[in-house]
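Worksheet for the structure shown next.
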Amino acid sequence: MPGARERWGADVLHCPYCHGYEVRDQPLGVIGGTEPGAVARAVHVALLLPQWSADVIFFPHTMEPTRHDLDRLAARGVRVVTGEVARLAVEDGRLRGVELADGRAVPRSAVFVAPTFVPNGDVLTALGCETGPDGWVVTDARGRTSVPGVWAAGNVADPGAQVISAAGAGSTAAIAINADLVEHESAVPVAAR
């Protein structure tokens, strides 16, 4: 979508928990997507945003929200503006609004999108680590993968991990790795006796 890449992380955002406070009390939008599962993710984001702003508009774009989705959005005070989104209007280095293919322009200060996250676990899968049906590397509670001596933490194993939880998972994995190494180092001399 024209304008999205350039404004990503500034006023095109993906997580209300990460960015909602910074754009609180501003006119916000949520733009739907086209991938499988995009409707549920976009509606979920739109349902969260009234916690930060009383002016939230959901742009289904090319999606078809269900009657149930529309009822829930209405119950939260989220307005719905139908029509395909043509581009994001940017002026003087700031998002000014959402322009629809039919020429309508809807002023917005920030928009949220619900991207499809894809794991970047090529190194781990090349090592033979098991992945779940969603493509994310499978680990135990300490970060151990299905391959002995290989641990994983953060977004490569948990698509919902934010920085603080990813760092905590990394710490947990590091402690488990250290404990594993200590066990190995103490087992070698014992075996040699």
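The values are calculated or read from the model by the stated rules, or taken from the named source; none is laboratory data. Not measured: the values here are computed from a predicted model. Glycine gets a Cβ as well: all are built from the backbone with ideal geometry, and neighbour counts include every protein chain shown. Keep in mind that these areas ignore ligands, DNA and RNA; they rest on the heavy atoms of the full protein, side chains included. Shrake-Rupley method; radii C 1.70, N 1.55, O 1.52, S 1.80 Å.
With a sphere of radius 12 Å drawn around the Cβ of G3, what net charge do the other residues whose Cβ falls strictly inside it have (Lys, Arg +1; Asp, Glu -1)? Numbers along the way, then the final one.
On the way: positive: R5, R7, R87, R94, R96, R108; negative: E6, D11, E91, E99.
Net charge in that neighbourhood comes out at +2.
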Value at 222 nm in deg cm²/dmol, rounded to 500, when DSSP H runs of n ≥ 4 in the chain each add -39,500 (n - 2.57)
-9500 deg cm²/dmol
Taking only Cα atoms and a 10 Å spring cutoff, compute GNM fluctuations for the chain and point out the largest among E64, E183, E99.
E183
Which cysteines in the chain lack any other cysteine whose Cβ sits under 4.7 Å from their own Cβ?
C129
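Give the shape of the stretch 50-96 as rounded, prolate or oblate, defined through the alpha-carbon gyration tensor: a ≥ b ≥ c are the square roots of its eigenvalues, a/c under 1.5 means rounded, and otherwise the shape is prolate if a/b is larger than b/c and oblate if not. Present the calculation step by step, with values, prior to reporting the outcome.
Numbers: a/c = 4.14, a/b = 1.46, b/c = 2.85.
Oblate shape, in that a/c is at least 1.5 and b/c is the bigger or equal ratio.
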GNM top mover of R41, R79, R94 - the chain, alpha-carbon springs below 10 Å
R94
Mind running the shape call on the stretch 81-142? Use the C-alpha gyration tensor, a ≥ b ≥ c as the square roots of the eigenvalues: rounded below 1.5 for a/c, prolate if a/b tops b/c, oblate otherwise.
prolate
Largest first and rounded to whole Å, the semi-axes √(5λ) derived from the alpha carbon gyration tensor of the stretch 114-153 read 19, 11, 8
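Can you give me the % of accessible surface on the stretch 113-193 that is carbon or sulfur? Probe 1.4 Å, all protein chains present, nothing else counted. It would help to have the intermediate numbers written out before the result.
Details: 3180 of 5280 Å².
About 60 percent, which is the carbon plus sulfur part of the accessible surface.
Using the Kirkwood radius over Cα pairs, work out the Stokes-Einstein diffusion coefficient for the chain at 20 °C and 1.002 mPa s, in µm²/s as a whole number.
Working: Rh = 19.2 Å.
Result for D is 112 µm²/s.
Roughly what % of DSSP beta bridges within the chain run antiparallel, to the nearest 5? Before the final figure, lay out each step's value.
Details: 11 of 24 bridges.
DSSP beta bridges in the chain are roughly 45 percent antiparallel.
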Could you work out which residue, out of L127, L28, L95, moves most in a Gaussian network model of the chain, that is, has the largest mean-square fluctuation with Cα springs under 10 Å?
L127
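Per residue, how much accessible area does the chain show when a 1.4 Å probe rolls over the protein heavy atoms, in square angstrom? Provide the component values of the computation, followed by the final result.
Values: 11150 Å² over 193 residues.
Spelled out: the 1.4 Å probe surface of the chain, per residue, equals 58 Å².
Regarding the stretch 95-193, what's the average projected area of the Cα-atom convex hull, expressed in nm²? Walk me through the numbers on the way to the answer.
On the way: hull surface 38.8 nm².
Over every viewing direction, the Cα hull of the stretch 95-193 projects on average to 9.7 nm².
What trypsin sites (Lys or Arg not before Pro) does the stretch 3-33 have in DSSP loop regions with at most 14 other beta carbons within 10 Å?
R24
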